[in-house]
Amino acid sequence: MDLEKISKQIIDGLGGVHNISYLTNCMTRVRATVKDTSKVDIKYLKTIDVVISVIEDETMQVVVGPGKSKKIGDYINENYVFGNEDNNEKASNASRENVSRDYVAEAKAKKAQSNNGFKKALKKIANIFVPLIPAIIAAGLCNGIAGYFENTLAVKGIKDIPLWITFLKTVGGALFGYLSIYVGINAAKEFGATPGLGGIIGGITISTNIDIISKSLGLFNESNRLKSILISGKGGIIGVIVGVAILAFIEKRIRKIVPDMLDNIVTPLVSVGLTALLTVFLIMPAAGFLSDILMKILEVLIMTEGPMAIVGGFILSASFLPLLMVGLHHGLIPFYVLQLEKFGSVSLFPVLCMAGAGQIGAAAAIYLKAKGRNEKLRNVIRGALPVGLLGIGEPLLYGVTLPLGTPFITASLAGGFAGAFCASMKVSSIAYGPAGLTAIPLMLPNKMIYYFISLCIAYVLGFVFTYLIKTPKAVDEY
């Protein structure tokens, strides 16, 4: 892969460095915040060799696949200075002005339609968590492996935990034990506050001193700590995000009125002091109440006995691919965190994993149907299936199921049925991270077999549903 050439092409397609405010990457996408969407040439971006698809949204998302996204993102950030084309030696002078008026109007219309409050909120949340995904995967796998072997030893009656298991738990705990601080820093970057101050707000929410304050003010429930109005960790990630959003609001306004010579002292002190008071005595209790409601809803959908769990599992899993399609799937991470904090395990994550598994079966069926008709499509499927089995669904989504149309629907239906079975078996994980087969070590030991069966159901139904329907005409036109 020629990083220099591809990076230049992507920059050109995004309208040049002067049109880009910020660029980063997640597992499969290069994400860019652009100043003027009319200067972005979507059609040109889609012609670049490594580009699988382009998602038009508040943040432009260039889907290039796992591995490539990190390399391209790093190369661009190391070699380009955004917003200042004149002083950039490697910047392109051609900012792709060949976008038609009709296309510009269409792009603006799409952006206007997408700018609703709910979608904006999900995008903000996604932008906070996307940089943490590699760490979440690493820490999740460490916790998953350690938990599996620790439980295995406990079943055998062995109480002495080997040092290597303790080491893995230390690595996993380094993220999940202090996740509020990481989220506070990233939220501050997203909302425009000072990152270090955001970290302080996150750290305050998990401080053990909160319990002391709660007891002193009569807000602590001695008989049942979890029913206290205020305790350490109350409100979880929701409280951190709201608190940091308020921090950004306060900091920006204080900075406008504080003299420059006092800015470095007065602004951070007053901003974090006011926000801390609001966070501890207002936001944490309110966010805790909200998180309890959300957990009740999830309990009804996928953690209850009987038909409701089956229906909930089907709905949640069947609707996940559309979220993945528009890049909003990362907005669900706070729900994983809430479940992990309250129950010690996550039931939502394994259910949603089934959506990607449905694509595996659908793609396999298309692979057989395309034999002798479209070798290019078969090559795409051959390259996308291995990473799909490991839980990276975007290559199959943008390269196979979505362009062909019908397989996208059959894959979603297959994922829904598998999600229903997964929920009915009460499959839960001790962490969250990569999906697919890679997630097996993350499941509770006594639920691993049911998770695997759920995957197999998705594979088989995705294949059967897709194979039995009429072959889409798009197979020949791909």
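What follows is calculated from the coordinates using simple rules that are stated; it is not laboratory data. What you see is a predicted model, and the numbers here were worked out from it, not measured in a lab. Using ideal geometry, Cβ is built from the backbone for each residue, glycine included, and neighbour counts are taken over all protein chains shown.
Remarks
- Estimated dipole of the stretch 178-297 in Debye, rounded to 20 [Cβ of Lys and Arg +1, of Asp and Glu -1, Cα centre]: 180
- Pairs of lysines in the stretch 307-477 whose Cα atoms sit within less than 18 Å of one another amount to 7, provided the residues are eight or more positions apart or on different chains.
- Summary of packing: across the peptides 372-385, 192-205, 443-456, the per-residue average of other C-beta atoms within 10 Å ranks them, highest first, as 192-205, 443-456, 372-385.
- Sorted on the mean count of surrounding Cβ atoms within 10 Å across their residues, most packed first, peptides 251-257, 56-62 read 56-62, 251-257.
- Efficiency of FRET from Cβ geometry, Leu282 and Ile440, R₀ 45 Å, rounded to 0.05: 0.60
- Cut-off 13 Å (backbone N to label point 7 Å along Cα→Cβ of Arg255), residues of the stretch 184-199: 188-198
- Where labels lie 7 Å past Cα in the beta-carbon direction, separation of Asn77 and Lys156 in nm: 4.3
- Lys5/Ser223 FRET efficiency (R0 56 Å; Cβ-Cβ; nearest 0.05): 0.25
- Unsatisfied cross-links (Cα-Cα over 31 Å) in the set Lys159/Lys215; Lys169/Lys296; Lys159/Lys296; Lys46/Lys296: Lys159/Lys215; Lys159/Lys296; Lys46/Lys296
- For the stretch 178-297, with +1 on Lys and Arg beta carbons and -1 on Asp and Glu, the positive-most of Leu230, Phe289, Thr194 along the dipole: Phe289
- Label point distance in nm, Asp263-Lys43, each placed 7 Å from Cα along Cα→Cβ: 4.5
- Linear extension gain, Leu323 paired with Phe452, 0.36 nm per residue minus alpha-carbon span: 44.1 nm
- Segment Ile469..Ser21, full-extension length gain: 156.7 nm, with 0.36 nm per residue of separation and the alpha-carbon distance subtracted.
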